[in-house]
Each structure stands twice: as C-alpha cells, then as structure tokens.
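Report on the structure given below.
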Amino acid sequence: MKKERADASRNRAVLVTTVREMLAEDGIDKITMDGLAERSGLGKGTVFRRFGTRAGIFRALLDEGERDFQNRMMSGPPPLGPGAEPLDRLVALGSERLRFLLANREIARAALDTRTPVPFGPPARAIHLHIRMLLRQVPVEGDDLELMAMQLAAALDTPLLLYMPLDGDGPPESEIEDRLTRGWESLIRRVCR
C-alpha cells in the first residue's frame, strides 16, 4: 500500500473533523461536497479527490469505527476477540456488529453508493473472512463454508439498514436491536448444530 503524503493526511484529518462538526450542527441531509469544501477552507478538487462522491464522505466517517471494530474482533477481549469458544465468538460478532451499525445507521445509509452494484467493500470482506474462520473452528459441516460465510456476513452488512424501520414509525430502536441480535444468535446456533 502506498504511503499517504503528509499534506494529504492533513487534508483528510481536516475534512473528517469538518464533516463531524457539520453533522453535529446541521444534520446529515445538509452535508454536500461543496459545503464541505467551503467550510473546511480546502478546494473542491481536494474534496472530490479525497471522497469521490457524497457517499465517500460518509464512508470516511465510518472508517475509524470500522478499524476499531476489526481490532476488537481480531485481538480484543472475549467473547468478540480471541479466547472464547468459536460459537460464542460468532454470536458476539453479530451482536456487536449490529450494535455498531445501528449506532451509525444514518452515516451507514448515507455511505451506500447507489452506483455500486454490490456494496461489498473491505469491512464486509473482513467480516466474511472472520466468519469463515470461526465456522471452520466450530466446526460446521457443509460443502461450501465460503458461501455460507458470505451469506452470514451479508446479514451483518450496511444494506440491512435499508430494510429496517428506524424512522420513528416502527418499534423503538432498543426493541429492533434486541430482535436483530436474538435473530442472529438463533441463526448461528442453528447453522452450528
């Protein structure tokens, strides 16, 4: 991987900080590429090179949380991290991932790039590989653990949020989180019988 130039790193930090400020003050719907350029004091070209699209702005916001989540998944305390039984880690992975997505739901929805046919990027790929590793450790019988892991990872990816009634018309958020985590645990326990 190519090392980021110092000025590019500085610009990224300024842009991410500015986006967070704009999000807190104005809400997600008011954030535009032009507005970000103006507020940050950086040129439009810099903003477009850094993010590409409006969705790219929000993917950058999720990056830090994603890195933290993946670090906890790979080396954090059990049951999400090493040291717990593989089945318990799979259950914790789903619960923690769903909690992360729900906490960041507005940003995650805005980060979906509708021009991309399959929103299966690096975070989803890391989750997929981790699930496959844990399924092998359980061990789960089956001919195609790769496909099974991909299907399970899809249940923990951002597009799930497109189908959740999180706008106040549905059940309370705590009930949705509880239902999702119970559903994940039930699914994992059935798969791992």
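The values are calculated or read from the model by the stated rules, or taken from the named source; none is laboratory data. No experiment lies behind these values; they were computed from the predicted model shown. All Cβ positions, even for glycine, are placed from backbone atoms using ideal geometry, and neighbour counts span all protein chains on display.
Quick check on the range 86-105. Is at least one of its residues loosely packed, with under 15 Cβ neighbours inside 10 Å, modelled with pLDDT of 90 or more and of a type outside the set (Lys, Arg)?
No, the range 86-105 contains no residue that is loosely packed, with under 15 Cβ neighbours inside 10 Å, modelled with pLDDT of 90 or more and of a type outside the set (Lys, Arg).
Answer with yes or no whether Asp29 is under 15 Å from Ile107 (Cβ atoms), surrounded by fewer than 17 Cβ atoms within 10 Å (Cβ to Cβ) and among the acidic types (Asp, Glu).
Yes; evaluated as a whole, the condition is true for this residue.
Out of the residues in the range 49-63 meeting the condition of being without any contact (Cβ under 8 Å) to a residue 24 or more places away in the chain and in a helix (DSSP H, G or I), tell me which one is surrounded by the fewest Cβ atoms within 10 Å (Cβ to Cβ).
Arg49
Is it true that Glu66 is within 20 Å of Ala153 (Cβ to Cβ), outside any loop (DSSP other than H, G, I, E, B), in contact (Cβ under 8 Å) with a residue 40 or more places away in the chain and assigned by TED's automatic domain parsing to the domain that holds Ile131?
yes
Taking the criterion of being of a type in the set (A, V, I, L, M), crowded, with 17+ Cβ neighbours inside 10 Å and at pLDDT below 85, would at least one residue in the range 130-138 satisfy it?
No, the range 130-138 has no match at all.
Please find, among Thr53, Thr46, the residue that is among the hydroxyl-bearing types (Ser, Thr, Tyr) and under 30 Å from Leu98 (Cα atoms).
Thr53
Quickly run through the range 12-26 and pick out the residues that are touching a residue at least 40 places away in the same chain (Cβ under 8 Å) and crowded, with 16+ Cβ neighbours inside 10 Å.
Within the range 12-26, Arg12, Leu15, Val16, Val19, Leu23 meet the criteria.
Condition first: in contact with a Pro (Cβ under 8 Å, 6 or more places away or on another chain) and at pLDDT below 90. Can you find one or more residues in the range 9-29 that meet it?
no
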